Amino acid sequence: MYLSLGNKKDIVSFKKALFNGLAPDKSLYYPIEVQKLSEDFWKDLQKMDNFSLALAVMKGYINEEIPEESLLDIIKKTLDFKFPTVLVDENIYSLELFHGPTLAFKDVGAKFMSACMDYFIRNENLNKKITVIVATSGDTGGAVANGFLGIDGVDVVILYPKGKVSEIQELQLTTLGSNVSALEVDGYFDKCQEMVKKTFVDKDLSEKLLTSANSINIARWLPQMLYYFIAYRDLNRRNSNLVVSVPSGNFGNLCAGMLAKKMGLPINHFVASTNENDTVPKFMKTGTYEKQKTISTITNAMDVGDPSNFVRILSLYNNNFNELKKELTAYKFSDEETILGIRELYHKSKYLLDPHGATAFLGLKKYLFNNPETTGLFLETAHPVKFLDTVENALNINIDIPQHILELKKKEKSKIQIREYKQLKSFLLSR
Ligand SMILES: *Cc1c(COP(=O)(O)O)cnc(C)c1O
């Protein structure tokens with residue numbers, strides 16, 4: 001069961017939280033209880049494949065609302081690509097999360113969420129269309145669109161900030177057609193996110209069965225835990241100190257890692273690596289959370305000035321700043337530093353980083369410098385070709401583009417331009 005972080009008496013099922021997205025009071029859902037995994041789980045972990053691991057970790061959060069057999073099917077659909085950990089530098093591993101269909105880590109959450117909704121829609125004969133609405137800083141849109149493409153009974157509406165996403169990202173969201181519409185918003189990601197939140201409390205839209213597919217949705221957020229479990233199993237270092245650095249924007253991915261830790265996963269310390277949007281690094285210094293205006297950077301998927309999931313992190317630590325500080329360090333990096341990070345690792349070991357992974361690499365190195373007795377893992381959240389210009393310019397090389405991306409470039413983009421909430425609303429009402 002899940003409670004609303006704004007109203008702890010508002011308790012809902014997994015299904016309800018999945019379809020609501022946000023609680024009626026506009027705040028986020030959060031599991032009522034975080035259960036520790038059993039001794040047996042840890043004993044068996046080395047022998048488990050990704051599917052049985054995922055089932056063991058996730059089933060407590062679904063609480064039999066989806067029978068185990070069907071949940072396993074959903075998991076198989078979700079984790080149908082690989083998650084390799086690659087040694088890239090002395091004692092530093094990259095966890096590659098970009099082998100999914102849209103080349104960024106968000107594919108896992110998006111696929112899991114769409115498969116869960118599909119399950120409930122099929123089994124309960126909902127005869128009304130559901131509209132999944134999502135704001136994207138770049139990667140979410142493509143992943144969600146891909147996850148929900150062609151699912152009966154679901155319309156997908158994506159809002160993305162004009163001129164702030166990469167060419168490949170824009171192609172991924174604007175060329176699908178079918179049940180997917182792309183709205184190009186004149187403004188930053190935070191404006192898109194604001195607009196999305198507004199639709200949920202708009203009385204005129206209350207008939208519309210709207211739901212969100214941002215990482216605020218528990219079904220997108222929770223399966224991200226699996227990366228950490230998979231990497232931990234693959235590194236097989238039960239007794240070494242493991243530090244994990246996460247390139248962070250809306251802080252869903254990091255928060256999922258922290259939840260995994262709370263379930264018993266032995267991660268010693270987390271590093272949040274951000275770009276100039278340093279609301280959280282500032283908070284970790286001062287203890288005061290002040291949202292900021294978004295700054296555009298080369299790591300656009302992390303251009304978030306008011307990260308939605310940070311309240312969930314605070315909840316995990318019972319809002320105890322000192323406890324949080326023991327387990328989380330946050331650093332910010334400028335675009336120039338990020339480019340140097342890409343160059344450094346390429347020249348050292350020929351490993352290609354995307355800009356987001358590069359900030360995580362830098363954060364990890366900075367932390368390890370003062371804590372050398374630890375094993376470092378950073379999350380490489382996107383394929384470098386997704387940010388082709390940046391990476392090619394940084395290294396002065398040409399990168400091979402996968403065939404399915406080349407195909408994308410032949411397609412026509414289809415999008416609707418908007419600048420105000422009013423326009424979003426009339427778009428939704430017209431459907
Ligand atoms: C979304 C995204 C991030 C940030 O993840 P959050 O969960 O929002 O913190 C980092 N890197 C890439 C490539 C992304 O797409």
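Quick rundown of the values:
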{"read-out": "Tally, over the stretch 347-393, of residues that are touching a Lys or Arg at 6+ places or on another chain (Cβ under 7 Å) and over 23 Å from Gln403 (Cβ atoms)", "value": "1"}
{"read-out": "Any hit, the stretch 137-148, residues being over 20 Å from Thr390 (Cα atoms) and either modelled with pLDDT of 95 or more or in contact with a Cys (Cβ under 9 Å, 6 or more places away or on another chain) (or both)", "value": "no"}
{"read-out": "Selected residue (only one of Leu368, Leu364 is more than 16 Å from the ligand (Cβ to nearest atom), within 22 Å of Thr338 (Cβ to Cβ) and buried (at least 16 other Cβ atoms within 10 Å of the Cβ))", "value": "Leu368"}
{"read-out": "Criterion violated by Asp10 - all others in (1) part of a strand (DSSP E or B); (2) touching a Phe, Trp or Tyr at 6+ places or on another chain (Cβ under 7 Å); (3) surrounded by 14 or more Cβ atoms within 10 Å (Cβ to Cβ) satisfied", "value": "(2)"}
{"read-out": "Test set (1) open to solvent by 10 Å² or more (accessible area, probe 1.4 Å); (2) at pLDDT 95 or above - Leu159 fails condition number", "value": "(1)"}
{"read-out": "Of all residues in the stretch 322-350 being open to solvent by 30 Å² or more (accessible area, probe 1.4 Å) and aromatic (Phe, Trp, Tyr), the one that is farthest from Ser273 (Cα to Cα)", "value": "Tyr346"}
{"read-out": "Criterion (closer than 19 Å to Leu95 by Cβ and assigned to a helix (DSSP H, G or I)) met by exactly one of Leu364, Leu352, Leu340", "value": "Leu364"}
{"read-out": "Scope the stretch 58-83; condition in contact (Cβ under 8 Å) with a residue 60 or more places away in the chain and either surrounded by fewer than 15 Cβ atoms within 10 Å (Cβ to Cβ) or under 21 Å from Ser212 (Cβ atoms) (or both); matching residues", "value": "Met58, Tyr61, Asn63, Thr78"}
{"read-out": "Filter result for the condition that a residue is among the charged types (D, E, K, R) and out of contact with any strand residue (DSSP E or B) (no Cβ under 9 Å at 6 or more places or on another chain), over Lys415, Lys410", "value": "Lys410"}
{"read-out": "Residue list for the stretch 188-222, restricted to those being open to solvent by 20 Å² or more (accessible area, probe 1.4 Å) and either within 12 Å of Val144 (Cβ to Cβ) or of a type in the set (Gly, Ala, Ser) (or both)", "value": "Ser206"}
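The values are calculated or read from the model by the stated rules, or taken from the named source; none is laboratory data. If you're wondering where the values come from, they're calculated on a predicted model, not measured in any experiment. Heads up, the Cβs are rebuilt from the backbone with ideal geometry, glycines too, and the neighbour counts pull from every protein chain shown. Surface areas here come from the heavy atoms of the whole protein model, side chains and all, with no ligands, DNA or RNA. Shrake-Rupley method; radii C 1.70, N 1.55, O 1.52, S 1.80 Å.
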